[in-house]
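S.K.: First the structure, which I've put down as structure tokens, then a few questions once you've had a look.
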Amino acid sequence: MPQQNRVTPFGEIVGVPERGTLMGNRGVLHDITQTIRRSWQLKRWILCLTEFKNRSRTIMTPGRYTELFFLDEATGLAAGHLATDRVPSANGGGSANIGMRGSREIQS
């Protein structure tokens, strides 16, 4: 059974086999048994690449942020996440400069 860490365009966190092309963060959402206990912890919802400089993480490490996965950039943006400079633009010409706010007011 897939882990419950995939996000729909509606922002719901679900368990489906498709991992997606991008990763996001809403804070620590899971417990020690890797069960999602809340939908978000932080108001800063980010979206970034799943691979960066050969770094790797253990998914849903207790006490660390919950790795969330999105099928594509459109799904992540629709779910309310903002792209970082590590998300390539749709035209392939470097990173997307998405300096807009999502549907929620973002506060640091």
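S.K.: Where does the charge balance sit around Arg38 when Lys and Arg score +1, Asp and Glu -1, over other residues with C-beta under 11 Å from its C-beta?
M.R.: Value of the local net charge: +1.
S.K.: Under 1.5 on a/c is rounded, so check that first for segment 1-89, then, if it is not, pick prolate when a/b is larger than b/c and oblate when it is not; a ≥ b ≥ c are the square roots of the alpha carbon gyration tensor eigenvalues.
M.R.: rounded
S.K.: Within 14 Å, Cβ to Cβ, of Leu71, how many net charges do the neighbouring residues add up to if Lys/Arg are +1 and Asp/Glu are -1?
M.R.: Net of charged neighbours comes to -2.
S.K.: Just want the answer: with Cβ charges of +1 for Lys and Arg and -1 for Asp and Glu, which residue in Ile32, Asn5, Ala74 is farthest toward the dipole's positive end in segment 1-89?
M.R.: Ile32
S.K.: For segment 1-89, what does the relative contact order come out to in percent, with C-alpha contacts under 8 Å and a separation of six or more?
M.R.: About 38 percent, as a whole number.
S.K.: So who's got an amide H within less than 5 Å of the one on Val16, skipping anything under 5 residues away but keeping other chains? H placed 1.01 Å off N, in plane.
M.R.: Asn5, Arg6
Every number here is computed from the coordinates shown, using simple stated rules; none is lab data. Just so you know, these numbers come straight off a predicted model, no measurement behind them. Neighbour counts run over all protein chains shown; Cβ positions are idealised from the backbone, glycine included.
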